[in-house]
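The values are calculated or read from the model by the stated rules, or taken from the named source; none is laboratory data. Everything quoted here is computed from the prediction, not taken from an experiment. Using ideal geometry, Cβ is built from the backbone for each residue, glycine included, and neighbour counts are taken over all protein chains shown.
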Amino acid sequence: MSDAVGGLGSRKHLAGLLACVAVAGCGAASKEVAIQNAKPGDLLVEVDGRRVELVRAFTPGVANGLHKGVVKISSGDGDNQGQMYETTVICSVKGEPNWPTYDNIFGDPINDLKAKRPFPVKDRWQVLYHFDGRTEKIGKLDYSGWVSRLKDNLCRKGDFDDT
């Protein structure tokens, strides 16, 4: 069974290569998973070398919130340790009467999923994304765009808009 491509062995190699490209991307970086499809361990967002993975699923809130999910932020340079944050997002809808004119995301650093945490947490960070383009940052979190992209994923906006 020979052909112009070089016989059966070459066809198998070509088929394997095509399968690699079509299915896995041949070692390409993991693909971001929209929150509605995410399971613990999935990559939610990747920005500027920072990876945000879902550790514990979010609890749906009243109409527009996802509460007390846990995410782990790590650098893409093999840092498996990372920092976990118990995170909540309250999403709003532009132009909706009696709704806030901003999306609100906040988080508390944690080290142990089962540990009791005091309230309020002194290291809490919070970011308000106003619909007029202003951003209010509260707390000392140093981040490089991953919070905004995570907010978009959790609020199903931007690249994650599935309407």
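Side notes on the structure shown:
- Checked against (1) farther than 14 Å from residue 151 by Cβ; (2) among the hydroxyl-bearing types (Ser, Thr, Tyr); (3) at pLDDT 90 or above; (4) within 16 Å of the chain's Cα centre (by Cα), residue 101 passes all but a single condition, namely (4).
- In segment 133-163, the residues that are in contact with an Asp or Glu (Cβ under 7 Å, 6 or more places away or on another chain), surrounded by 20 or more Cβ atoms within 10 Å (Cβ to Cβ) and of a type in the set (Lys, Arg): 151
- Residues being in contact with a His (Cβ under 7 Å, 6 or more places away or on another chain) and modelled with pLDDT of 95 or more are represented in segment 36-58 by at least one member.
- One residue from 112, 142, 132 being farther than 19 Å from residue 35 by Cα, modelled with pLDDT of 95 or more and not in a strand (DSSP E or B): 132
- Every residue from segment 110-128 that is closer than 23 Å to residue 57 by Cβ and either crowded, with 17+ Cβ neighbours inside 10 Å or aliphatic (A, V, I, L, M) (or both): 110, 113, 115, 121, 124, 125, 127
- Strands (runs of 3 or more DSSP E) fully within segment 29-95 counting 1 or more residues that are closer than 25 Å to residue 116 by Cβ: 50-56, 65-75, 83-90
- Answer from 66, 44 - the residue that is under 15 Å from residue 156 (Cβ atoms), in the same structural domain as residue 153 (by TED's automatic domain parsing) and under 12 Å from the mean Cα position of the chain (by Cα): 44
Residues checked against (1) free of Cβ contacts under 8 Å to residues at least 12 places away in the same chain; (2) over 19 Å from residue 72 (Cα atoms); (3) assigned by TED's automatic domain parsing to the domain that holds residue 59:
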{"residue": "105", "(1), (2), (3)": "no, no, yes"}
{"residue": "116", "(1), (2), (3)": "yes, no, yes"}
{"residue": "126", "(1), (2), (3)": "no, no, yes"}
{"residue": "131", "(1), (2), (3)": "no, yes, yes"}
{"residue": "139", "(1), (2), (3)": "no, no, yes"}
{"residue": "146", "(1), (2), (3)": "no, no, yes"}
{"residue": "151", "(1), (2), (3)": "no, no, yes"}
{"residue": "155", "(1), (2), (3)": "no, no, yes"}
